[in-house]
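Enquirer: Structure below; questions to follow.
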Amino acid sequence: MKLHFKPYRRYHLARALSALALAAIGATPAQAQTWPSKPVTLIVGVPPGGALDPFARALADQLAKQTGGTFIVENKPGANGNLGAEAALKPPTDGHVLWIGTQSMVTINPAAFEQLRWKPSDFKPVLKGVEAPLVLVTHPSVAAKNFNELADWIRNPANKAAYASFSPGTPSHFLGYQLNERLKAGMVHVPYKGSSPQVTDILGGQVPLGFTQLASAVPHIKEGKLNAIAVTGPKRSRFLPQVPTLAELGHKDLETTIWFGLFVPASTPPPVMEAIRAAAEKAHADPAYRARLEGLNFDVPNESVSAFEATIAAETARWAALVKATGFKASN
């Protein structure tokens, strides 16, 4: 028997089938259309005051303007961002709790922490927000104005050289380790819980040098309170054009950039996830917002989600090999 549907019946049947499909994946059309339907929390896994915090707050402000919703930044420091990642995964994962992930949290923690209580596949990337090299800085008391002079200073046992990192198991830690190995020196690693206390102690001369966040260091470099020796990016930073790259100095294998990105729990209903991505991409394209981030000494990339996923995969492999080579292990 052949069934015939009048046009209005076809319309209602299509709507019914669409609703059933959305229900099967845990979302309704209204969920996607009304996101956000309540305040959205952006979880940041470091203390306030470092380089990550101003990015998160700028993004929260822009998403609020973009959507008309309320966006709150919540700092949950601990275990190099792992506590924040765990908090972002607590149910309900309905798109109203998002995670600000960093290069070290996403690509290093999986290899560095033996008992990680979350895994990278628990999250989906939404946006690579900002990117920047690290900068190798020294306190002005260090008698070195360039890399070769600093290498000689570090090698001299009388100077009792030490380097500060903004957290163990981060690029600032591993680059210091690699530099120490390369110079066959005996530098002591002094870890901190965030870039703000790291820079504070280098400024105070408690630790003479370290690889720091560019955004945190640039104001102090311009004021002469820190000396910039080299940046770790593939090319010179437009914020410090006079400072050479490590690659220029013959150390291309120490090249790296750090990034901060927006992530959503992978169990978020797909229509809601797409609504979040659309809002984030539109916010990211706003010229005034991009200028605000550049004013914080960040580069603002234009990287697709698929390219961002490829970046994460490549960096995860790189840092896993270095974690294994160093024998570094961290714990929650």
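Derivation of every value follows stated rules applied to the coordinates shown; laboratory data play no part. Worth saying up front: this structure is predicted, and the values here are computed from it rather than measured. So basically every Cβ, Gly included, is an ideal-geometry build from the backbone, and we count neighbours across all protein chains shown.
Enquirer: Does region 114-176 classify as rounded, prolate or oblate by the C-alpha gyration tensor (a ≥ b ≥ c root eigenvalues; a/c under 1.5 gives rounded; else a/b over b/c gives prolate, otherwise oblate)?
Expert: Judged from the Cα gyration tensor, region 114-176 comes out prolate (a/c at least 1.5, a/b above b/c).
Enquirer: How do 68-75, 158-165 rank on mean C-beta neighbours within 10 Å, highest first?
Expert: 158-165, 68-75
Enquirer: Distance cut-off 24 Å, Cα to Cα: go down the list LYS76/LYS193; LYS160/LYS225; LYS145/LYS324 and report the pairs above it.
Expert: LYS145/LYS324
Enquirer: Any lysines with Cα under 17 Å of the LYS38 Cα? List them, leaving off those in the same chain fewer than 8 positions away.
Expert: Correct list for LYS38: LYS65, LYS90.
Enquirer: Right, here's the next one. Hey, what angle do you get for helix 270-284 against the long axis of the chain, alpha-carbon based, 0 to 90 degrees rounded to 10?
Expert: Helix 270-284 sits at roughly 50 degrees to that axis.
Enquirer: Positive end of the charge dipole of the chain (Lys, Arg +1 and Asp, Glu -1 on Cβ, about the Cα centre): tell me which of PRO244, SER172, THR268 has its Cα farthest that way.
Expert: Result: THR268, furthest along the dipole toward the positive end.
Enquirer: Please list, in order along region 146-159, the HN-Hα scalar couplings obtained from phi with the Karplus expression 6.51 cos²θ - 1.76 cosθ + 1.60 (θ = phi - 60°), rounded to whole Hz, x for Gly and Pro.
Expert: For region 146-159, the Karplus curve yields 9, 5, 5, 5, 5, 4, 5, 5, 5, 5, 6, x, 5, 7 Hz.
Enquirer: Then there is this: Rounded if a/c is under 1.5, else prolate if a/b is larger than b/c, else oblate: which is region 176-257, with a ≥ b ≥ c the root eigenvalues of its Cα gyration tensor?
Expert: Because a/c hits 1.5 or more and a/b fails to exceed b/c, region 176-257 counts as oblate.
Enquirer: Would you work out which of ILE258, GLY204, LEU214 lies farthest towards the positive end of the dipole of the chain, given +1 charges on the beta-carbon of Lys and Arg and -1 on that of Asp and Glu, about the Cα centre?
Expert: ILE258
Enquirer: Next question, about the same structure. Search the structure for amide H atoms under 5 Å from the amide H of ALA266, placed 1.01 Å from N in the peptide plane, and list their residues when 5 or more places away or on another chain.
Expert: Here the answer is PHE123, LYS124, since their amide H atoms fall under 5 Å of that of ALA266.
Enquirer: Shape verdict for region 255-294, please, from the Cα gyration tensor: rounded (a/c under 1.5), prolate (a/b greater than b/c) or oblate.
Expert: oblate
Enquirer: Can you give the angle from 0 to 90° between the axis of helix 52-67 and the longest principal axis of the chain, with both taken from C-alpha atoms, to the nearest 10?
Expert: 20
Enquirer: Another one. What residues qualify as long-range amide H neighbours of PHE71, i.e. H under 5 Å apart, gap of 5 or more or another chain, H built at 1.01 Å from N?
Expert: VAL40
Enquirer: If packing is taken as the average count of other Cβ atoms within 10 Å, what order do 140-153, 271-284 fall into, highest mean first?
Expert: The most tightly packed comes first, giving 271-284, 140-153.
Enquirer: Quick one: which residues, 5+ away or cross-chain, put their amide H under 5 Å from the amide H of LEU226? H built at 1.01 Å from N.
Expert: Those lying under 5 Å, H to H, from LEU226 are ILE221.
Enquirer: So what does log10 I(q)/I(0) come out to for region 234-332 at q = 0.18 Å⁻¹, using the Debye formula with one equal point on every Cα and no solvent?
Expert: After summing over all Cα pairs, the log10 values are -1.14.
Enquirer: What do you get when you divide the Cα radius of gyration of region 81-143 by 2.2 N^0.38 Å, with N the number of residues?
Expert: In units of the globular-protein estimate, region 81-143 measures up at 1.50.
Enquirer: In addition: I'd like the distance separating the alpha-carbon centroids of region 295-314 and region 77-142, in whole Å.
Expert: Between the Cα centres of region 295-314 and region 77-142 lies a distance of 14 Å.
Enquirer: Considering every Cα-Cα pair within region 72-201, what fraction, in whole percent, is farther apart than 26 Å?
Expert: 34
Enquirer: Starting at 0 and stepping by 10 Å, how many percent of the alpha carbon pairs of the chain end up in each bin?
Expert: Pairs per bin, as whole percents: 5, 25, 31, 20, 10, 5, 3, 1, 0, 0.
Enquirer: Moving to a separate point now. On a straight-distance basis, which aspartates and glutamates could pair with LYS235 in a cross-link, Cα separation under 20 angstrom, same-chain partners fewer than 8 positions away excluded?
Expert: Hits, sequence-local ones excluded: GLU131, GLU248, ASP253, GLU255, GLU294, ASP299, GLU303, GLU315.
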